[in-house]
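Accompanying notes for the structure given below.
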């Protein structure tokens, strides 16, 4: 069958140009020119589906996709090393709220967008969403205990924590590497998580330190690279020339 139309198929074989298809279970139909979903509904003992596609005479139901083992998925994804941040907001009643996240990422420079992905089961995410403004606090390697404090459910997460109000009102945690203030731009569906997009409104770099990392369910750190030694101002032009010549001779050896 050529052209565009609706295929009638029984047991995976196209029989006519425009009609119905009878299938044992909802599936896809794979033909010469593509893979097409079946829109199915039950009619008596059959599942009846309509398939619209272009081209192909012999079709066959696509093999079922094997389910992904959740434990294997978590194990594989834990091999991706991430930084750690705490997302904070000010609730309508004036109380601070926050949660630790690994899923923070930059999205766009123009417009300036970032994102994080809270689970639908999170009790803190609805409070941050209702605030419509938040701050991302990027943690340093010496802030493991602070991260654990914000990773728990319930309780007073801000107990003993030094913080101040940002320009958008969200709490900025003391001693973070940097803070990024955002307006909630959009919320997208991401399966069992939400994808929260934030438009950056303010940035602050607070201190120089090693970052806090999370790899295979363990916290870690990576040392900052040492700054390159600068040439001393008092170095003479002849000594600088000698150093360059010496380096060149070593590279050519």
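Yes or no, residue by residue, for (1) part of a strand (DSSP E or B); (2) free of Cβ contacts under 8 Å to residues at least 24 places away in the same chain:
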residue	(1), (2)
136	yes, no
146	no, no
149	no, yes
155	no, yes
159	no, yes
164	yes, yes
169	no, no
176	no, no
All but one of (1) out of contact with any helix residue (DSSP H, G or I) (no Cβ under 9 Å at 6 or more places or on another chain); (2) surrounded by 11 or more Cβ atoms within 10 Å (Cβ to Cβ) hold for residue 170; which doesn't? (1)
When both residues are 6+ apart or on different chains and their Cβ atoms are under 7 Å apart, which pairs have a first residue that lies in segment 95-112 and is at positive phi, and a second that is surrounded by fewer than 16 Cβ atoms within 10 Å (Cβ to Cβ) and not in a loop (DSSP other than H, G, I, E, B)? none
Of the conditions (1) closer than 23 Å to residue 219 by Cβ; (2) in contact with a strand residue (DSSP E or B) (Cβ under 8 Å, 6 or more places away or on another chain), residue 75 clears all except one; give me its number. (2)
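Could we say that residue 174 is more than 22 Å from residue 208 (Cα to Cα) and in contact with a strand residue (DSSP E or B) (Cβ under 8 Å, 6 or more places away or on another chain) here?
When the stated conditions are applied, residue 174 does not pass them.
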Among 216, 224, the single one that is more than 25 Å from residue 120 (Cα to Cα) and at pLDDT below 95 is 224
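The values are calculated or read from the model by the stated rules, or taken from the named source; none is laboratory data. Note that the coordinates shown come from a computational prediction; the quantities given were computed from them, not determined experimentally. A quick note on method: Cβ atoms are made from the backbone with ideal geometry, for glycine too, and the neighbour counts reach across all protein chains shown.
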